[in-house]
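K.L.:
Can you keep this structure in mind? I'll have questions shortly.
The values are calculated or read from the model by the stated rules, or taken from the named source; none is laboratory data. Since the structure is predicted, the reported quantities are computational estimates derived from the model, not experimental observations. Here Cβ is always computed from backbone atoms with ideal geometry, including for glycine, and neighbour counts include all displayed protein chains.
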Amino acid sequence: MKLFFFREENHFTFLEEIMKSEFSPLKTVRVWSAACSSGEEVYTIAMVLSEALGHGNWEVIGSDISEKVLAKAVKGTYPIERSANIPKKYLVKYCLKGVRGKSGEFILKNSLREKIRFLKINLYMEIPDIGTFDIIFLRNTLIYFDTDTKKQVVNNMLPLLKKTDIL
């Protein structure tokens with residue numbers, strides 16, 4: 001599987017539009033990237049939320065079943081090639097180019113990373129008490145499951161989705 005930032009770009013364009021039109025910077029906004037792998041989607045969501053809502057009251061949770069990929073996500077350090085899809089305005093504002101021993105890499109700035117938590121969660125099992133969310137990114141997870149597993153995962157997550165009339 002090819003991992004990169006701003007994968008499925010139209011999702012993030014839509015997220016930005018919704019944040020700017022439907023959410024107030026005074027409201028707490030929580031977004032969950034389920035099965036986040038090494039974190040590219042989580043950091044993409046965080047960049048979009050930061051642009052739309054500032055450094056206000058928002059949080060992104062990234063989860064995966066693999067401790068190995070979560071360890072990579074927590075570091076927020078990636079090969080420089082992975083920055084190719086990050087729009088320049090986000091790259092300049094939220095990323096730092098590695099130097100010396102980190103040459104050939106980039107890291108997401110702490111100001112962005114402090115708004116993110118990574119958790120080990122098996123979506124097929126009972127979800128731990130992690131609160132409710134305004135938006136749950138799940139598409140890149142469901143494409144790998146059969147129909148029965150998809151239904152189980154969605155049923156596990158529906159109680160964690162805040163009720164809204166936005167969509």
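K.L.:
Looking only at strands (runs of 3 or more DSSP E) that fall completely inside segment 26-87, which ones have 1 or more residues that are closer than 18 Å to residue 108 by Cα and of a type in the set (Phe, Trp, Tyr)?
P.N.:
Details: elements: 29-33, 58-64, 77-79.
Result: 58-64, 77-79.
K.L.:
Restricting to segment 50-65, count the residues that are more than 19 Å from residue 156 (Cα to Cα) and over 10 Å from the mean Cα position of the chain (by Cα).
P.N.:
Total meeting the criteria: 9.
K.L.:
Considering only segment 127-145, state which residues are over 19 Å from residue 30 (Cα atoms) and not β-branched (Val, Ile, Thr).
P.N.:
142, 144, 145
K.L.:
The conditions are (1) at pLDDT below 95; (2) closer than 22 Å to residue 132 by Cβ, and residue 62 fails exactly one of them. Which is it?
P.N.:
Every condition holds for residue 62 apart from (1).
K.L.:
Let me ask another. Only one of 128, 159 is at pLDDT 90 or above and either closer than 14 Å to residue 33 by Cβ or in a loop (DSSP other than H, G, I, E, B) (or both); which? Full working, then the answer.
P.N.:
Numbers: 159 fails: either closer than 14 Å to residue 33 by Cβ or in a loop (DSSP other than H, G, I, E, B) (or both).
Just one listed residue meets the conditions, 128.
K.L.:
All but one of (1) more than 26 Å from residue 22 (Cβ to Cβ); (2) touching a helix residue (DSSP H, G or I) at 6+ places or on another chain (Cβ under 9 Å) hold for residue 112; state the number of the condition that does not hold.
P.N.:
Residue 112 satisfies every listed condition except (1).
Each row is one residue, and each column tells you yes or no for (1) at pLDDT 95 or above; (2) in contact with a helix residue (DSSP H, G or I) (Cβ under 6 Å, 6 or more places away or on another chain); (3) buried (at least 22 other Cβ atoms within 10 Å of the Cβ).
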site	(1), (2), (3)
4	no, yes, no
14	no, no, no
34	no, yes, yes
54	no, no, no
57	no, no, no
73	yes, no, yes
97	no, no, no
103	no, no, no
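K.L.:
If I ask for residues that are among the small types (Gly, Ala, Ser) and without any contact (Cβ under 8 Å) to a residue 60 or more places away in the chain, which ones from segment 40-89 would you list?
P.N.:
The first filter runs over segment 40-89 and keeps only residues among the small types (Gly, Ala, Ser), leaving 46, 50, 52, 54, 56, 62-63, 66, 71, 73, 76, 83-84.
Once the filter is applied, which keeps residues that are among the small types (Gly, Ala, Ser) and without any contact (Cβ under 8 Å) to a residue 60 or more places away in the chain, segment 40-89 yields 52, 54, 56, 62, 66, 71, 73, 76.
K.L.:
Another question, then. Output the residue which, of all residues in segment 103-121 that are assigned to a loop (DSSP other than H, G, I, E, B) and without any contact (Cβ under 8 Å) to a residue 60 or more places away in the chain, is farthest from residue 79 (Cα to Cα).
P.N.:
Here is the first cut: in segment 103-121, the residues assigned to a loop (DSSP other than H, G, I, E, B) are 103-104, 109, 114-115, 121.
In the following step, the residues that additionally are without any contact (Cβ under 8 Å) to a residue 60 or more places away in the chain were identified as 103-104, 109, 114.
Numbers: 103: 9, 104: 6, 109: 15, 114: 21 Å.
Step by step, filter segment 103-121, then rank; the result is 114.
K.L.:
Let me ask you something else. From the set of residues in segment 78-95 that are exposed (fewer than 15 other Cβ atoms within 10 Å of the Cβ) and touching a strand residue (DSSP E or B) at 6+ places or on another chain (Cβ under 8 Å), which is farthest from residue 124 (Cα to Cα)?
P.N.:
Applying the filter and picking the extreme gives 80.
K.L.:
Does segment 122-167 hold any residues that are in contact (Cβ under 8 Å) with a residue 12 or more places away in the chain and farther than 30 Å from residue 21 by Cα, and which are they?
P.N.:
122, 123, 124, 125, 126, 127, 149, 152 - these are the residues of segment 122-167 that are in contact (Cβ under 8 Å) with a residue 12 or more places away in the chain and farther than 30 Å from residue 21 by Cα.
K.L.:
Scan segment 7-25 residue by residue and report those that are within 14 Å of the chain's Cα centre (by Cα) and outside any helix (DSSP H, G or I).
P.N.:
7, 8
K.L.:
Just one of the numbered conditions (1) loosely packed, with under 11 Cβ neighbours inside 10 Å; (2) over 18 Å from residue 43 (Cβ atoms) is not true of residue 123; which one?
P.N.:
Just one mismatch for residue 123, condition (1).
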